[in-house]
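Here the structure comes first, spelled out in structure tokens, and everything after it is commentary.
The values are calculated or read from the model by the stated rules, or taken from the named source; none is laboratory data. Not measured: the values here are computed from a predicted model. All Cβ positions, glycine included, derive from the backbone under ideal geometry; neighbour counts span all protein chains shown. Note: areas computed on protein heavy atoms with side chains; ligands, DNA, RNA excluded. Shrake-Rupley method; radii C 1.70, N 1.55, O 1.52, S 1.80 Å.
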Amino acid sequence: MTPSELSAEQALERAAEARIHTLRIPTPFAVGRVNTYLIEDDPLTLVDSGPNSGKSLDELEHQLAERGHSIDDIELIVLTHQHIDHIGLVEIIVGHSGAEVAAIDKMVHFIEHFGEDAGKDDEFASQIMLRNGIPEDVVQALRSVSAAFRSWGASAKITRPLRDGARLEFRERTLEVMHRPGHSPSDTVFWDEQRRILFAADHLIKHISSNPLISRPLAESPGQGRPKALVTYLESLSKTRELPAEIVLPGHGDPITDHVALIDERLEFHRRRAEKIYDLIVEQPRSGYELAQALFGNVAVTQAYLTLSEVLGHVDLLLDDGRVSESERDGVVYFEKAP
């Protein structure tokens, strides 16, 4: 049986044979449960933690107990990226177990200063929204929602900063650290070359397309322009496509057993979406918010920044191709067909 013929259940069984167990932890978000992974090796390791809630903690403890462990036993926590459904319980686990915490070096400041940096992220997103035509009342409402969600995250001390290309050594395996930004600036995948298993987190998800959110750069510099999250994400996907992975373990949903075909589908999806947005721009110049409304209809407040990121990402592809230009009127950016 070839890897692409494996069912999700068979892929999970093969991972379990490698002593990798999927723990599905509840979240308050529309995406549903988040996958954390228990690696039974030396050190006993948890990849991501789930959000900071009593329900999530109870579920984590219960699923660990089913495998003969408790959070007190965890010796290492490996973080894949900065989003709160993946980092929220780290501080609590460390408080019980004294576990080390490993994360890509670019993410260290964010995790160690979570409250401060999350506030900076909200300010950054607000400026992006206003500059792209989202009304101020919607921006303020979304900031309130974001501030409320912040309690699902938490800060933690990173004791093992990881560089891109480094290797995490265990008694029975080695994981190569690969920075794959796009979905977030800190997205990191971990590659077990011997077993051809990739811990991909939200970099690649089977049932939904990962939204490359326009995020504040982790290392800001003067004069830095707006990040091109989708452009970056597609570059990262192209790198992941070249890995000879047989099983990809995502941050949500079922394992992936044919990542090349899935990535090709996603690349084609983004090409078609860019063409659709180009047609809207050809009709008339539009702001990012106007494009989002034309594409998605009446956008819910909680989805305003997600849909704006989606639109601007595809506009960036068109800008890079020289097919679209931008101008500014009254502090708002409009996109139009290039001359």
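Place +1 on the Cβ of every Lys and Arg and -1 on the Cβ of every Asp and Glu in the chain, take the dipole about the Cα centre, and give the residue among 311, 90, 269 whose Cα lies farthest towards its positive end.
Among 311, 90, 269, the one farthest towards the positive end of the dipole of the chain is 311.
Which shape class, rounded, prolate or oblate, goes with the range 208-339 when its Cα gyration tensor gives a ≥ b ≥ c as root eigenvalues, a/c under 1.5 marks rounded, and past that a/b bigger than b/c marks prolate?
Numbers: a/c = 1.82, a/b = 1.68, b/c = 1.08.
Prolate, since a/c reaches 1.5 and a/b exceeds b/c.
Can you list the aspartates and glutamates whose alpha carbon is less than 17 Å from that of residue 276, not counting same-chain residues fewer than 8 positions off?
Leaving aside aspartates and glutamates fewer than 8 places away in the same chain, those within reach of residue 276 are 265, 268, 290, 310, 316, 320, 321, 336.
Residue 10: net charge of surrounding residues, Cβ under 15 Å, Lys/Arg +1, Asp/Glu -1, itself excluded?
Details: positive: 14, 195, 196, 206; negative: 5, 9, 13, 17, 246, 254, 258.
Local net charge: -3.
So for the range 1-63, considering every pair of alpha-carbon atoms, how many percent are separated by more than 16 Å? Can you show the working numbers first?
Values: 1019 of 1953 pairs.
For the range 1-63, the share of Cα pairs beyond 16 Å comes to 52 percent.
I need the semi-axes of the equivalent ellipsoid of the chain: take the C-alpha gyration tensor, multiply each eigenvalue by 5, square-root it, list largest first in whole angstrom. Each step should come with its number before you reach the end.
Numbers: eigenvalues 250, 106, 58 Å².
Semi-axes from the Cα gyration tensor: 35, 23, 17 Å.
Ignoring everything except DSSP H segments at least 4 long, calculate the 222 nm mean residue ellipticity for the chain; use -39,500 (n - 2.57) per segment, divide by total residues, nearest 500.
Details: 11 runs with 136 residues, N = 339.
Computed mean residue ellipticity for the chain: -12500 deg cm²/dmol.
Write down the Å³ per residue value for the convex hull defined by the alpha carbon atoms of the range 191-257.
In the range 191-257, the Cα convex hull volume per residue is 99 Å³.
To the nearest 20 Debye, how big is the dipole of the chain about its Cα centre, given +1 on the beta carbon of each Lys and Arg and -1 on that of each Asp and Glu? Please list the in-between numbers first.
Details: 35 positive and 56 negative charges, 118 e Å.
The calculation lands at about 560 debye.
In the neighborhood of residue 140, defined by Cβ-to-Cβ distances under 15 Å, what is the net charge if each Lys or Arg adds +1 and each Asp or Glu adds -1? Can you show the working numbers first?
On the way: positive: 143; negative: 122, 123, 136, 137.
Residues near residue 140 contribute -3 overall.
To check my understanding: the extent here is largest minus smallest coordinate of the Cα atoms along each principal axis. What are those three numbers for the range 102-243, in Å, largest first?
54, 33, 32
Net charge around residue 170, counting only other residues with Cβ within less than 14 Å of its Cβ (Lys, Arg = +1; Asp, Glu = -1)?
On the way: positive: 19, 160, 167, 171, 173, 195; negative: 40, 41, 42, 75, 100, 169, 172, 176, 192, 193.
Net of charged neighbours comes to -4.
Going from most exposed to least, what order do 330, 264, 202 have by accessible area with a 1.4 Å probe?
Values: 330 160, 264 65, 202 10 Å².
The residues order as 330, 264, 202, largest area first.
Using the Cα gyration tensor of the range 154-225, with a ≥ b ≥ c the square roots of its eigenvalues, what is the shape: rounded (a/c below 1.5), prolate (a/b larger than b/c) or oblate (neither)? Display every interim value, and only then the final one.
Numbers: a/c = 2.25, a/b = 1.39, b/c = 1.62.
It is oblate, given that a/c is not under 1.5 and a/b is not larger than b/c.
Could you give the length gained by full extension between residue 75 and residue 265, i.e. 0.36 nm per residue of separation minus their alpha carbon distance, to one decimal place?
On the way: separation 190, 0.36 × 190 = 68.40 nm, distance 3.82 nm.
Working it through step by step, the gained length comes to 64.6 nm.
Could you pull out every residue, at least 5 positions away or on a different chain, whose amide H is within less than 5 Å of the one on residue 205? Hs are placed 1.01 Å off N in the peptide plane, and Pro or chain starts have none.
210
To make sure I understand the rule: partners must be lysines, Cα under 24 Å from the Cα of residue 157, and not fewer than 8 residues away in the same chain. Which ones qualify?
Qualifying lysines at Cα under 24 Å: 55, 106, 120.
Just to confirm my numbers, what's the Cα centroid distance between the range 298-325 and the range 59-94 in Å?
Measuring centre to centre over Cα atoms gives 35 Å.
Take the range 49-151, drop everything but the C-alpha atoms, weight them equally and run the Debye formula without solvent; then report log10 I(q)/I(0) at 0.12, 0.17, 0.18, 0.20 Å⁻¹ to two decimals.
-0.50, -0.83, -0.90, -1.02
What is the angle, in °, between the Cα long axis of helix 136-149 and the longest principal axis of the Cα atoms in the chain? Nearest 10 is fine, range 0 to 90.
The angle comes out near 0 degrees.
Rounded to the nearest percent, how much of the accessible area of the chain (1.4 Å probe, protein heavy atoms only) is carbon and sulfur?
Of the solvent-accessible surface of the chain, carbon and sulfur hold 48 percent.
Hey, what angle do you get for helix 229-241 against the long axis of the chain, alpha-carbon based, 0 to 90 degrees rounded to 10?
Between helix and principal axis, roughly 40 degrees.
Assuming R0 = 22 Å, can you tell me the calculated FRET efficiency for the pair residue 327 and residue 130, based on Cβ-Cβ distance, to the nearest 0.05? List each step's numbers first, then the result.
On the way: r = 17 Å, r/R0 = 0.76.
So the FRET efficiency works out to roughly 0.85.
Which one of 45, 70, 26 has its Cα pushed farthest toward the positive end of the charge dipole of the range 1-78, where Lys and Arg give +1 and Asp and Glu give -1 at the Cβ?
Ranked along the dipole, the leading option is 26.
Which order do 269, 110 take by accessible area at a 1.4 Å probe, largest first?
Numbers: 269 55, 110 10 Å².
From most exposed to least exposed: 269, 110.
Mind grabbing the base-10 log of I(q)/I(0) for the range 134-177 at q = 0.18, 0.20, 0.34 Å⁻¹? Debye formula, identical points on the C-alpha positions, no solvent, two decimal places.
Relative scattering, expressed as log10 I(q)/I(0), comes to -0.70, -0.74, -1.09.
Using 0.36 nm per residue, how much length does the chain from residue 112 to residue 279 gain when fully extended, once their Cα-Cα distance is taken away?
Working: separation 167, 0.36 × 167 = 60.12 nm, distance 4.40 nm.
55.7 nm is the gain from fully extending residue 112 to residue 279.
Taking a probe of 1.4 Å, how large is the accessible area per residue of the chain, in Å²?
On the way: 14520 Å² over 339 residues.
Here the per-residue accessible area is 43 Å².
Roughly how tilted is helix 8-17, in degrees to the nearest 10 and between 0 and 90, from the longest Cα axis of the chain?
Helix 8-17 and the main axis of the chain meet at about 40 degrees.
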